[in-house]
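Here is the structure we will look at.
The values are calculated or read from the model by the stated rules, or taken from the named source; none is laboratory data. Please read these numbers as outputs of a predicted model, since none were measured by experiment. Note: ideal-geometry Cβ built from the backbone for every residue, glycine included; neighbour counts use all protein chains shown. Accessible surface is based on the protein model in full, side chains and every heavy atom, while ligands, DNA and RNA are left aside. Shrake-Rupley method; radii C 1.70, N 1.55, O 1.52, S 1.80 Å.
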Amino acid sequence: MTVPTKDYARQYAPLWEALGPALRRAFFEDEPILGEAVDRFELDFADRHGKGLHGIGVSSGTDAAVLVYRALGWSPGDEVVTNAHTFSGVVTALLLAGLVPRLVDPEPETGRLRPADVDAAIGPRTRGVLAVHLHGHPEPVDALESLCATRGITLLEDCAQAHEARLGGRRAGTFGRAAFFSFHPSKNLGAFGDAGLVLTPDPALAESLRVLRNLGKAGKYSFDAVGPNAKLDTLQAVILNAKLPYLAGWTERRRTLSARYREGLAGVPGLTLPRVEAGAEPAWHLFVVHCAERDALRAFLAARGIATGLHYPIAAHDQPALAPHLAHCGPLPVARALAATCLSLPLSHEHGDDEIERVIDAVRDWGRR
Ligand SMILES: Cc1ncc(COP(=O)(O)O)c(C=O)c1O
């Protein structure tokens, strides 16, 4: 039996008894567009992050980002500072909004931004800093929050991989002016298709986003802004509502399995394990190790029936479509090195202890070869 990286059937099987009737109710009693299920999800998801927050359901994490950039009134040519070690789609969203990404190389040991490097990258056209909590590890948003306040610019968070992550006891998604969430099926909380949400404490921004996501319509007939059709679907909201009560427990399970990996894989020669910073409670969206012989290790594990992933094997500034827009950022050697050495071991709340032990045994055998 293969140890998979993910298995959606395993996730849905125990949920189906509740989910089947909930979907049926949606078809017969709710509205297909902006139904009650969407309102409920927006409220519940925002509430779990704290009082006074607004949730705006949108069609994907990417749309969440693009809508926020537009709602903030940022103009073409404005700059956003962010980590070069990233999901390339983060850069795409900035470019779609006409913004100029200013990528900063991270600290090699953690892949996180160093606030002093962010400070040095801020220029006269910088409007914001985007903290992407990659793999579910919080960026130093506590320090970035004060830095942005001092420099008079906006902090945004990309929490696509960081549902339930915390820093200093505070939830990721509550540090900046707005946070983007993705509910892509592979995420810790996933829909069965694309879905996303913006979280913000700013009521005026929330209202602009509700208009912008709906073709710019303020009412049924009144087009008050030029916006895309980027709403969260009722059916996806039904699925997210059914899963939300489990998210805390699922996250704990990821934390338990990650702790087991960190203990079981300690000391394997040639392997660098993910580091957890003081005060950080990662969401463990992925368990990413680094290894100079990444491809050999990957092939060794595949031969033992263990699937692995790569997040992400090509740095954003080396992507053919993005490179021409990022030449001003320089060679960014740390991001390149992290891309060349990363390997994601199987991790989800559905994985059994026995599967994780199989992976640990196999990686240890590789270390002894
Ligand atoms: C860090 C990060 N940001 C943004 C996104 C974009 O989200 P989506 O796929 O929902 O557009 C993703 C996931 O795909 C992601 O992992």
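General observations
- 3J(HN,Hα) along region 146-161, derived from phi through the Karplus expression 6.51 cos²θ - 1.76 cosθ + 1.60 where θ = phi - 60°, amounts to 5, 4, 5, 5, 5, 8, x, 10, 9, 9, 10, 10, 9, 9, 4, 10 Hz, with x in place of Gly and Pro.
- At a probe radius of 1.4 angstrom, the accessible area of the chain per residue rounds to 42 square angstrom.
- Magnitude of the charge dipole for the chain, about its Cα centre and with charges confined to Cβ atoms of Lys, Arg (+1) and Asp, Glu (-1), is about 240 debye.
- Loop chymotrypsin sites (Phe, Trp or Tyr not before Pro), region 183-243, which have at most 14 other Cβ atoms in a 10 Å radius of their Cβ (DSSP): 221
- Bridge orientation summary for region 123-199: considering DSSP beta bridges with both residues in this region, about 45 percent are antiparallel.
- Extension gain (nm, one decimal) between residue 368 and residue 31, 0.36 nm per residue minus Cα-Cα: 115.4 nm
- Entry note, the chain: the mean residue ellipticity at 222 nm calculated from DSSP H runs of n ≥ 4, each adding -39500 (n - 2.57), is -12000 deg cm²/dmol after division by the residues and rounding to the nearest 500.
- Residue 43 sits with roughly 110 Å² accessible to a 1.4 Å probe, with DNA, RNA and ligands left out of the calculation.
- Accessible surface, 1.4 Å probe, highest first, among residues 31, 145: 31, 145
- Modelled FRET efficiency - R0 22 Å, residue 207 with residue 75, Cβ distances, 0.05 increments: 0.60
- Largest-first ordering by accessible area, 1.4 Å probe, given options 6, 51, 220, 231: 51, 220, 6, 231
- Volume per residue of the convex hull around the Cα atoms, evaluated for region 268-346, comes out as 135 Å³.
- Separation of the residue 353 and residue 22 label points, Cα + 7 Å toward Cβ, nm: 2.9
- Taking amide H as placed 1.01 Å from N in the peptide plane, the amide H of residue 102 sits under 5 Å from that of 80, 81, 82, each at least 5 places away or on another chain.
- Summary of the geometry: region 2-56 and region 159-216, compared by the centres of their Cα atoms, lie 15 Å apart.
- A viscosity of 1.002 mPa s and a temperature of 20 °C, combined with the Kirkwood radius over C-alpha pairs in the Stokes-Einstein formula, give region 56-199 a diffusion coefficient of 144 µm²/s.
- Cβ-defined net charge surrounding residue 311, 13 Å radius [Lys, Arg +1; Asp, Glu -1]: +4
- Amide H to amide H distances under 5 Å link residue 131 with 156, 157, 158, where only residues 5 or more positions off or on other chains count and H is placed in the peptide plane.
- Computed 3J(HN,Hα) for region 39-50, one whole-Hz value per residue from the Karplus formula 6.51 cos²θ - 1.76 cosθ + 1.60 where θ = phi - 60°, is 4, 5, 5, 4, 5, 5, 5, 5, 4, 5, 8, x, glycine and proline marked x.
- Positive-end residue of 12, 91, 250, charge dipole of the chain with Cβ unit charges: 91
- Comparing mean-square fluctuations of 140, 106, 203 from a GNM of the chain with C-alpha springs under 10 Å, the top value falls on 203.
- Note that region 336-343 has calculated 3J(HN,Hα) couplings of 5, 5, 5, 5, 6, 10, 6, 8 Hz, one per residue in order, obtained from phi through the Karplus relation 6.51 cos²θ - 1.76 cosθ + 1.60 (θ = phi - 60°); glycine and proline are x.
- Two-decimal ratio, region 232-369, of alpha-carbon radius of gyration to 2.2 N^0.38 Å: 1.23
- Computed lengthening from residue 117 to residue 310, 0.36 nm per intervening residue step minus Cα-Cα distance: 66.8 nm
- Other residues lying with their Cβ under 13 Å from the Cβ of residue 242 contribute a combined charge of +2, Lys and Arg counting +1, Asp and Glu -1.
- Here residue 284 sits with roughly 10 square angstrom of accessible surface, probe radius 1.4 Å.
- When the solvent-accessible area of the chain is split by element, carbon and sulfur atoms take up 55 percent of it, the probe being 1.4 Å.
- Relative to the globular-protein estimate of 2.2 N^0.38 Å, the Cα radius of gyration of the chain stands at 0.99.
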